[in-house]
Amino acid sequence: MSDAMLSAARPLGVRLDEIESRFRTAELEVSRDGDTLVLRHETSLNGATLQTRVAVMPPDAEDAQASSVKAVIRIFTALPAVYAQRYDAEMIAFANRFASLGAFTVTDGISFIGSRLTVYQGDDDWAWQLPIAVVAAAASVDAITGGMQRFLTKAQPQAASSAWTEQDLDVVAAELSKTCICTRNRSGLAAEFRLKGEANAENASASTAYWELLREPSHSELGGGLLCILQLSHRLGDAQKRHAALNLLNVSEMNSPGLPPHIGAWCEGKGGDNLAYVSFLPNLLHDVPGIATQASLWARSRAEAVVNLLAAASAG
């Protein structure tokens with residue numbers, strides 16, 4: 001392959017051709033539009049056919065210089081216009097409880113389900129970036145729309161056991177226990193993150209985040225996998241402000257390459273008035289080396305970044 005052909009197949013050095021090959025192997029309908037793959041697939045939205053775009057984009061000059069960002073992979077599925085009109089911030093926050101690897105987000109009157117991966121100079125993360133990009137593009141829409149439909153129609157959820165074993169979680173627990181309190185039971189693990197930063201040191205109620213990896217329950221639409229939940233202690237008692245903040249966090253995740261991979265969604269936490277980030281790793285991702293441990297490290301970094309962001313916003 002000539003240098004020009006390789007450059008076209010792999011914009012900014014991102015192996016878009018390999019993502020395309022995975023789609024074709026799965027017999028999914030995909031085409032190229034410059035530095036973007038366009039995946040067409042039917043969804044549970046009344047059988048509608050939507051387009052998911054997997055776009056390789058250059059970083060802003062500031063991000064490239066400060067964080068050595070080489071490229072940004074944005075996975076974006078525009079939803080029918082009626083969704084931006086029909087779903088208010090409260091309904092969006094509820095829908096994101098069903099998120100797998102992408103968030104239902106509304107901005108500037110456009111509703112979409114989106115994910116983001118950041119590619120750094122000299123990194124060797126393609127072993128997990130490739131399968132995550134493929135599964136996020138293929139399954140993120142159905143996870144939310146299908147999960148919502150099953151909930152609203154009281155349909156039976158997909159029943160399947162998790163491919164993650166207790167031994168898999170033991171490996172994660174061993175790593176997390178080096179730096180935080182971590183407990184294990186048969187169905188999963190829980191960890192308590194003590195967060196760094198001046199904003200957290202001054203606010204004891206915001207200095208801790210809680211992390212869970214759960215083999216049960218399965219996802220109502222995708223079946224078996226690993227449920228990942230990051231809970232912040234930060235509380236917003238005003239429901240309207242809380243729902244707006246959750247949507248803004250999902251918008252920010254799409255546009256902030258310096259944050260950990262955006263493969264999930266901000267939604268309301270178990271406390272009702274706290275903020276949480278939820279992801280669901282389908283069984284298809286079980287064999288990605290170290291993915292559960294990596295997701296746990298991302299959770300800690302995300303918690304520290306977002307809690308400081310919320311503290312700065314409150315001070316302003």
Reachable lysines from Lys178, criterion Cα separation under 19 angstrom, eight or more residues apart if same chain
Lys196
Cβ charges +1 (Lys, Arg) and -1 (Asp, Glu), total dipole of segment 134-280, debye:
200
Which residue fluctuates most in the GNM of the chain (Cα springs below 10 Å): Pro131, Pro289, Pro58?
Pro289
What one gets for segment 1-159 as the Kirkwood radius, inverse of mean 1/r over different Cα pairs in Å, is 16.8
Please sort 167-180, 109-122 by packing, taking for each peptide the average over its residues of neighbouring beta carbons within 10 angstrom, highest first.
109-122, 167-180
Over the chain, with a single point scatterer placed on each C-alpha, what log10 of the ratio I(q)/I(0) does the Debye formula yield at q = 0.07, 0.11, 0.14 1/Å?
-0.26, -0.68, -1.14
Rg/Rg_globular for segment 224-316, with Rg_globular taken as 2.2 N^0.38 Å and Rg from C-alpha atoms:
1.12
Mean Cβ count within 10 Å, highest first, over the residues of peptides 185-194, 220-229:
220-229, 185-194
Taking protein heavy atoms only, a 1.4 Å probe, and rounding to whole percent, the accessible area of the chain owed to carbon and sulfur comes out at 51
Under a Cβ-only charge scheme (Lys and Arg +1, Asp and Glu -1), can you give me the dipole magnitude of segment 13-144 about the Cα centre, in debye to the nearest 20?
260
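If you count, for each residue, the other Cβ atoms within 10 Å and average over each peptide, how do 276-285, 71-80 line up from highest to lowest?
276-285, 71-80
Counting every Cα pair in segment 29-110, what percent are over 20 Å apart?
48
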For the chain, with +1 on Lys and Arg beta carbons and -1 on Asp and Glu, the positive-most of Tyr120, Leu152, Pro260 along the dipole:
Leu152
Paired Rg and Dmax values of segment 75-206, which use every Cα atom, in angstrom:
18.7, 49
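How much accessible area per residue does the chain have, in Å², with a 1.4 Å probe? Before the final figure, lay out each step's value.
Details: 14630 Å² over 316 residues.
Here the per-residue accessible area is 46 Å².
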Go through Ser162, Pro80, Met57 and say which Cα lies farthest out towards the positive end of the charge dipole of segment 30-183; charges sit on Cβ, +1 for Lys and Arg, -1 for Asp and Glu.
Pro80
In debye to the nearest 20, the charge dipole size for the chain, taken about the Cα centre with +1 at each Lys and Arg Cβ and -1 at each Asp and Glu Cβ, equals 560
Projected onto the charge dipole of the chain (unit charges on the beta-carbon of Lys, Arg, Asp and Glu, signs +1, +1, -1, -1), the Cα from Val171, Tyr210, Ala303 with the largest positive-side position is that of Tyr210
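The values are calculated or read from the model by the stated rules, or taken from the named source; none is laboratory data. Since the structure is predicted, the reported quantities are computational estimates derived from the model, not experimental observations. In this analysis, Cβ positions are derived from the backbone assuming ideal geometry, glycine residues included, and neighbour counts consider all displayed protein chains. The protein model used for the area step is the full one, side chains on, heavy atoms only, and it has no ligands, DNA or RNA in it. Shrake-Rupley method; radii C 1.70, N 1.55, O 1.52, S 1.80 Å.
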